[in-house]
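**Student:** So that we are looking at the same thing, I have put the structure below in structure tokens.
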Amino acid sequence: MSEQVIHSKSINDLLSGMGLEKPTHPLITIIDTKRLSYGEDTVGMRFSSDLYCIALKDSSCGIDYGRNHYDFDEGVLMFTAPEQIITVNKPQKLNQVKGWMLYFHPDLIRKTALGEKMDSYNFFNYEVYEALHLSQQEQNTLTQIVELIKSEIKERIDNHSQQVLVSNIELLLNYSVRFYERQFNTRSASNLDIVSKVEVLLKDYYKNNELIDKGPPTIHYLADKCNLSPSYLSDLLAKETGRSAKDHINDFLVEKAKNLLLSSTDSISGIAYTLGFNYPHYFGRLFKQKTGKTPQEYRQLN
């Protein structure tokens, strides 16, 4: 695999690199995937950009997003954020893959309500195997929105263009949130297995004295053990339990702290160190945040 990353700073750079005509709008474009082809000489090449991308594919697209590869069935929606790496893993012929790719530059949504809440759309940080699988009706809904965007780009750029484009992108993302919630619901049984696994991982971490050796477990640690991205794991836990991955970790630490406060005579500092806190006042702050009492107050009242 090539170590070099070919980077596109703009929509124009992106289209030029793909051998496509210049854009009709400088900050947004829609690419018909049937128009894309990759030869043997492209396999292994890595690409990144300063752009957001939302892509709907209906079959294996020959591209790795991030560190993982997936041969997609019909109707899979993928999201990539600026600076993420895309790798071509096999050749692709013209008209081989049906779908669309919507690229837009952060400047399009800067200083808008959407720009301020882009970080809340966690699926831009999901791994490729956590992509959104769509029904035909869901595909049609999103494609209709993309057609509206395409029409706006092609036919008019005026004082209303940015608002219309941003509103449609936001609508597309909000539908994606709804469809991801449906996917979480339909996978509820397997999700509950992951919830149980997280609880076991936390207990084992404590039993094996890893709190003392390594400090409190991180979201990345739990996600890696579950073979998920941190963002996806946190969203899954929030959907199933109403608590994020960070909440699960902190609640576990506080429950262990309660047991130690009542079952031992160790100092508050000693208990803090046992639970992996290098600084006791961080432990005290977390404990009070979760219980409404300081560790000393909790011990005296119980």
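**Student:** Out of (1) out of contact with any Ser or Thr (no Cβ under 9 Å at 6 or more places or on another chain); (2) at pLDDT 90 or above; (3) in a helix (DSSP H, G or I); (4) aliphatic (A, V, I, L, M), the odd one out for Val166 is which?
**Tutor:** Here Val166 meets the rest and fails (1).
**Student:** Additional query: Exactly one of these conditions fails for Phe252: (1) under 16 Å from Gly215 (Cβ atoms); (2) within 18 Å of the chain's Cα centre (by Cα). Give me its number.
**Tutor:** For Phe252, the failing item is (2).
**Student:** When Lys293 is evaluated against the numbered criteria (1) without any contact (Cβ under 8 Å) to a residue 40 or more places away in the chain; (2) assigned to a helix (DSSP H, G or I); (3) surrounded by 13 or more Cβ atoms within 10 Å (Cβ to Cβ), which criterion, by number, is the only one it fails?
**Tutor:** For Lys293, the failing item is (2).
**Student:** Please identify the pairs in which a residue from the stretch 84-101 that is under 25 Å from Leu142 (Cα atoms) and modelled with pLDDT of 75 or more has its Cβ atom under 9 Å from the Cβ atom of a residue that is basic (Lys, Arg) and crowded, with 16+ Cβ neighbours inside 10 Å, counting only partners at least 6 apart or on another chain.
**Tutor:** Ile85/Arg46; Ile86/Arg46; Lys98/Lys57; Gly99/Lys57; Trp100/Lys57; Trp100/Lys150; Met101/Lys57
**Student:** What residue, among those in the stretch 258-283 that are under 15 Å from Thr294 (Cα atoms), touching a residue at least 24 places away in the same chain (Cβ under 8 Å) and over 32 Å from the mean Cα position of the chain (by Cα), is surrounded by the fewest Cβ atoms within 10 Å (Cβ to Cβ)?
**Tutor:** Leu262
**Student:** When residues of the stretch 120-142 are filtered for being surrounded by 14 or more Cβ atoms within 10 Å (Cβ to Cβ) and assigned to a helix (DSSP H, G or I), how many remain?
**Tutor:** Residues of the stretch 120-142 that are surrounded by 14 or more Cβ atoms within 10 Å (Cβ to Cβ), as a first pass: 121-134, 138-139, 141-142.
Narrowing the set further to residues that are assigned to a helix (DSSP H, G or I) leaves 122-125, 128-130, 138-139, 141-142.
Here the count works out to 11.
**Student:** Of a type in the set (Val, Ile, Thr) and under 26 Å from Ile86 (Cβ atoms) - does that describe any residue in the stretch 182-189?
**Tutor:** Step one: of the stretch 182-189, the residues of a type in the set (Val, Ile, Thr) are 186.
If we keep only those that are under 26 Å from Ile86 (Cβ atoms) as well, we get none.
No, the stretch 182-189 contains no residue that is of a type in the set (Val, Ile, Thr) and under 26 Å from Ile86 (Cβ atoms).
**Student:** How many of the residues in the stretch 188-229 are surrounded by 15 or more Cβ atoms within 10 Å (Cβ to Cβ), closer than 17 Å to Phe123 by Cα and out of contact with any Leu (no Cβ under 8 Å at 6 or more places or on another chain)?
**Tutor:** 1
**Student:** Conditions: (1) at pLDDT 90 or above; (2) part of a loop (DSSP other than H, G, I, E, B); (3) over 27 Å from the mean Cα position of the chain (by Cα). Leu211 meets all but one. Number of the miss?
**Tutor:** Unmet for Leu211, out of (1) at pLDDT 90 or above; (2) part of a loop (DSSP other than H, G, I, E, B); (3) over 27 Å from the mean Cα position of the chain (by Cα): (2).
The values are calculated or read from the model by the stated rules, or taken from the named source; none is laboratory data. These numbers come from a predicted model, not from an experiment. Reconstructed Cβ throughout: ideal geometry from the backbone, glycine too, with neighbour counts over all protein chains shown.
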